[in-house]
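Trainee: Right, I'll just put the structure down here and ask away after.
FYI, it's all coordinate maths here, none of it is from the lab. Note that the structure is predicted; figures quoted are calculated from it, not measured. Quick reminder, even Gly has a Cβ in these numbers, built from the backbone with ideal geometry, and neighbours come from all protein chains shown.
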Amino acid sequence: MKIIKAVVGVLRNESGQILIAKRQDHQFMAGFWELPGGKIESDETTEETIIRELNEELGVKVNTLSLHQTMQHTYADRMVELCIYNIDQYQNTPLGIEGQQIAWVSVQELHNYQLLPTMKAFINSITLPNKYWITPSTNHQSESWMKKFDEKMTQDISLIQLRSKTTLDNHFIAELHDKCKQHNVKLLINTIDKSFDESHCDGWHITTDEMLKLNKNPCDENKLLGASTHSLDEALKAQEIGADFVVISPVQATQTHPETIPIGWKAAEEVVRKLNIPVYFLGGMDLEDLDKTLKIGAQGIAGVSAF
């Protein structure tokens, strides 16, 4: 099977809209919309390619950029290995120099366009945050537990996993969800009795054992599904059933589970390269690891005490 290596760039305007381009009639997947970019030439780095392509296609001069995500997608006759870069600073107003149609759209409007499969996977990666807080799994409703939860409402946290090893009262969960909504925070439920029908949440997080028993995503389209994984095979299975993101762990040694052998950064990075959906790193993570995690294309870090 033919392997195509390509890069695309995420350009935003002052309103936060994203630039997309429509593939032309002579191109593969004609009529579909995508991020601007192109194929990597043999003597180029990925950074050199995206700088050249955006200049040729749009007349844009790239000043600074950063890796956003890597992904692979297999079509009937080819596999595309894709690097997505954030174009953090650029000069000149983008134009369709090669005759291609371009459009500035909000993240919400992206769903109104016929997007390449890789674009559909990309949307979650730009809407999810780079930090995923997991609540302590015991002593819910205690003063210390509630204090910690309330603190997160005023910190830079916008995605929370409510984790519990015991059954929780639905009224308690609903109260937590109301707090989250007031602070624009999404709450995912990871309880032992989750039904995927709960209305007082923004989605669910499933354990590895739960994920391995599923053949498809059990959630409604407007709900998020996260999955815990500990290997590349498990992460690929989570992607196959339609999870919106995975957490891979333990990346580093942890004090809470000193007997567990960490998978290490190299194995975790391979998961990022092989998956199209966002990947969070868990296990021994702290805020000092966030930049390293983002530079290899992961979504960010997850943890109970990491932040």
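Trainee: Mind checking the dipole of region 131-303: about its Cα centre, +1 per Lys or Arg Cβ, -1 per Asp or Glu Cβ, Debye to the nearest 20?
Mentor: Using Cβ point charges on Lys, Arg, Asp and Glu, region 131-303 gives about 240 debye.
Trainee: Percent of alpha carbon pairs in region 255-307 separated by more than 19 Å?
Mentor: 25
Trainee: Counting only Cα atoms, I'd like the Rg/Rh figure for region 79-128, Kirkwood definition for Rh.
Mentor: The Rg/Rh ratio comes out at 0.97.
Trainee: For region 131-303, what is the relative contact order in percent, using Cα pairs closer than 8 Å and at least 6 residues apart in sequence?
Mentor: 16
Trainee: Using a simple charge model, +1 on the beta-carbon of Lys and Arg, -1 on the beta-carbon of Asp and Glu, nothing else, what dipole does region 2-121 show about its Cα centre, in debye to the nearest 20?
Mentor: The dipole magnitude comes to about 320 debye.
Trainee: Still on this structure, please answer the following. Using the 2.2 N^0.38 Å rule of thumb for compact globular proteins, work out how the chain stacks up: its C-alpha Rg over that value, please.
Mentor: That ratio works out to 1.05.
Trainee: Follow-up question, since we're still on this one. Spelling out what I want: for every residue of region 81-96, take phi, set θ = phi - 60°, compute 6.51 cos²θ - 1.76 cosθ + 1.60 (Karplus), and round to whole Hz; glycine and proline get x.
Mentor: Whole-Hz 3J(HN,Hα) from phi for region 81-96: 9, 10, 10, 10, 10, 7, 8, 6, 9, 8, 10, 6, 7, x, 10, x.
Trainee: Something else now. Hey, what do the phi angles of region 258-264 turn into as Karplus ³J(HN,Hα) couplings, whole Hz, using 6.51/-1.76/1.60 and θ = phi - 60°, x for Gly and Pro?
Mentor: x, 7, 7, 7, x, 7, x
Trainee: For region 24-147, what's the radius of gyration and Dmax over Cα atoms, in angstrom?
Mentor: Computed over the Cα atoms of region 24-147, radius of gyration and Dmax are 19.2, 64 Å.
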